[in-house]
1. Tell me, which residue of the range 698-715 that is part of a loop (DSSP other than H, G, I, E, B) and closer than 18 Å to Asp522 by Cβ is most open to solvent (accessible area, probe 1.4 Å)?
2. Identify, by number, the condition in (1) buried (at least 21 other Cβ atoms within 10 Å of the Cβ); (2) closer than 21 Å to Leu360 by Cβ; (3) touching a residue at least 60 places away in the same chain (Cβ under 8 Å) that Val428 doesn't meet.
3. Can you pull out the strands (runs of 3 or more DSSP E) entirely within the range 113-211 that have at least 2 residues that are at pLDDT 90 or above?
4. Has the range 300-309 got at least one residue that is over 27 Å from Asn516 (Cα atoms), in contact with a Ser or Thr (Cβ under 6 Å, 6 or more places away or on another chain), open to solvent by less than 40 Å² (accessible area, probe 1.4 Å) and outside any loop (DSSP other than H, G, I, E, B)?
5. Looking at the range 490-502 only, could you name the residues that are open to solvent by 10 Å² or more (accessible area, probe 1.4 Å) and either in contact (Cβ under 8 Å) with a residue 24 or more places away in the chain or under 20 Å from the mean Cα position of the chain (by Cα) (or both)?
6. Are any residues in the range 604-623 outside any strand (DSSP E or B), hydrophobic (A, V, I, L, M, F, W, C) and crowded, with 16+ Cβ neighbours inside 10 Å, and if so, which ones?
7. Is it the case that Ala416 is closer than 25 Å to Lys600 by Cβ, of a type in the set (A, V, I, L, M) and either modelled with pLDDT under 95 or open to solvent by 70 Å² or more (accessible area, probe 1.4 Å) (or both)?
8. Select, from Glu280, Glu293, the only residue that is more than 23 Å from Ala458 (Cβ to Cβ), crowded, with 21+ Cβ neighbours inside 10 Å, of a type outside the set (A, V, I, L, M, F, W, C) and out of contact with any Leu (no Cβ under 8 Å at 6 or more places or on another chain).
Amino acid sequence: MGCGGSQPQADAVPPEKVRADTAKTPLIDVPNEAGDDGGAVSPKSFRQGSSRSDLAEGHIVLRVIRADLSKNFDSMGKMDPFASVVWMAEDGSRFEASKTRTDWGGHMTPVWNHTCRSQKYCRGDRVEIQVWEKDMIRNEFCGCASIAVEDLTPEGSPRTFPLVLNGESTGTVTIQALSLPLDRGPPEGEALQTNVDPALFESPVKRMGVSGGTAPFFHLALRQPAEGRTPSHFLGKDLSHANDEITFYEEALAERRKNDASMMPLLNFMFDYAGVVKLETVQPDGKEGPVKELLVMRNLRDGYTSLRMLDLKIGQVTAQAGWQGKSRLAAVRQSVIDGITNSAAEGFRLEGFDGRPPTLSSQDPLLDLGGKDRAAEKTVKKATRIMLQRLPAPETLAHFFDVHQEPADPGQGKLADVLAPIEVAEIVNHEVVRRLFELAVACRKCPVPQKWIGSSVALGFECGHLPERSEAGAKKTRQATHVNIFDWGRSELNTLSKHMQLTDMEQRDRSKFWGNYVGGIDRLSWEASRAYEQMFSNSDGWGEVTLTIYDFDSMTRNDMQGKITIPVEETPEKTVTLAGGIKLTFALTWRALPQGSRLKGTWRLNIVRAKDVPPCDGPLRKTSDPFCEVLAVSKDTRRRFRQCTCVKMWDLNPEWNEVFDLPVAAKEGQLQAALNAAGHSFGGGQPISEVSVPEGAEPSAVEEAIAQWRGRLGS
């Protein structure tokens, strides 16, 4: 029986068919008791043509206000309900038009006050409000209300409709509808939607997996890509999870069309956005999925063998109560996260890390609690996210530029044809600094302050293969390096005309949050420049290396087990004894790089193995989780290079065989020259080394260096 009770089966969605297995896939087809394998949003009769637009009678805006449930669907405690809005056209086509936030702890009386984007409607259309209980394992269907559009228009006051599950009442849902004539266009404040012809893409489309965020993404394949594009040039982002972003994207698209010289430098750092397309989807098991409206955006993974990418959330404050639908409770929760993560300390934090190096992947965030193999997948994801959010910038960038295992070293014999991994890392770091510098300058050139809360910067590069040794190869490496701004769910695109209409208080508010954002960009650009100066600007050579064995702990500070300092000189494989009786085997050799390289060569340090590592995992476990930290210091002591081996869990005799490259620059000043060119004599031509302090410097020295960096950006 349908959720509407007395409505025909075709107009309703049986609860068995709208079961949600995860929060990210709220509509999944499963057979009902009669064996029907139809879907919650069936694409069978979906028509992609323009006939609906021709027959449309007007625009309708729905606001899902609240629900009052009469049954508890959570056997363990209070419910966390959310609602899904499904649009059902008279011709049988259906698609998920919107989704509310989850009202955590809302239990029997959830309140959403969620306003959907306007939809064109025709006579005979229906709207279905589905209420779900968000669960760790599988979302529970609580009932739905199927409503004819004629019953919603033209009245604009809130109305209550029954929720039905298997013919039984499970409560009510309160919604409000506003109908507007077709000639008036969408409501004020809602940007016109750019529609993309679905015939441009293959259909149906499959979901893709990415780290970070909650919005599902889908693979898009162009049927006839334009010259210079591949079929996978674009990807699709589920609009029902991105209703709070589309206005920003549409307004940015409109500004780009104006080609405003003052805004373009900043807008050019955004992902390319083409509009919205409506396509059929297919589930991982091959069954028909729901019809989805998708934001068509540039696919950053297009053309990459393996993309390593950071998602860095910018700003010391990443939420504000009452702003863009953020509840007070959610804002308080977010402020706590800001306070205990790197946001408060440095003005940004690591939110996601795709293509992590083996060193970082080996660090189990649940190791002290028995290991991630014993925990639920959701618990592992949460623990990993917390671990990433707390990483300081130097450690984050050290992992990002860590190429001592991926991509694989080609060997001496092939270096005449391809770049070494450490050469790729140098070019990428150089390019990242240059572009972040340009982003910081673009922020300063923006004519009005922006309020971009919780938005992110993406840094990425190709780490799946090595480019050819040529100017063209180096150029491709730079072109394949990403520095982009994205994630506009809590952001507003402010323009000069908008800003002049704001009150003084609102203008001061924009200035305050823009200061937070620009401060985060400044700090990130400084950290990237410091990483380059410390790692790749040493032309005099390295003086000594300290090798330290630690026991990795996920909940507390790592335990130092022994260390030794060695001179940087040719050293065949050698075993030394550290304090505590640990026997460490290593080798150190010089490798020159071909003439014309930006690096003179590298000292190759091979950490082979350790033996007789003392147990550090407590009195009940005679094991340890060792890794070796490599800390090289330049001859003039001004620069330091720090990286680590993988963690070897529960191993007192770890075998690593990991080779680290300590790079020696062919000449100094390569970063300085690039910034001078981009910034017209950056900082008056003063050496950039003056604003670079090594990791571990006194906080006062760090603050002074950052202040000088910001001063040069503004000069």
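The values are calculated or read from the model by the stated rules, or taken from the named source; none is laboratory data. All values derive from a computational prediction rather than experimental measurement. Note: ideal-geometry Cβ built from the backbone for every residue, glycine included; neighbour counts use all protein chains shown. Just the protein is used for accessible areas: all its heavy atoms, side chains included, with ligands, DNA and RNA removed. Shrake-Rupley method; radii C 1.70, N 1.55, O 1.52, S 1.80 Å.
1. Of the range 698-715, the ones part of a loop (DSSP other than H, G, I, E, B) are 698, 714-715.
Next, from what is left, pick out any that are closer than 18 Å to Asp522 by Cβ: 714-715.
Values: Gly714: 60, Ser715: 101 Å².
Residue satisfying both the conditions and the ranking: Ser715.
2. (3)
3. On the way: elements: 119-121, 126-133, 140-148, 159-165, 168-181, 205-208.
By residue number, 126-133, 140-148, 159-165, 168-181, 205-208.
4. Checked the range 300-309: no residue is over 27 Å from Asn516 (Cα atoms), in contact with a Ser or Thr (Cβ under 6 Å, 6 or more places away or on another chain), open to solvent by less than 40 Å² (accessible area, probe 1.4 Å) and outside any loop (DSSP other than H, G, I, E, B).
5. Residues of the range 490-502 that are open to solvent by 10 Å² or more (accessible area, probe 1.4 Å), as a first pass: 490, 492, 495-502.
Arg490, Glu492, Thr495, Leu496, Lys498, His499, listed by residue number.
6. The answer is Val613, Cys616.
7. Numbers: closer than 25 Å to Lys600 by Cβ: yes; of a type in the set (A, V, I, L, M): yes; either modelled with pLDDT under 95 or open to solvent by 70 Å² or more (accessible area, probe 1.4 Å) (or both): yes.
Yes: the conditions hold for Ala416.
8. Glu280
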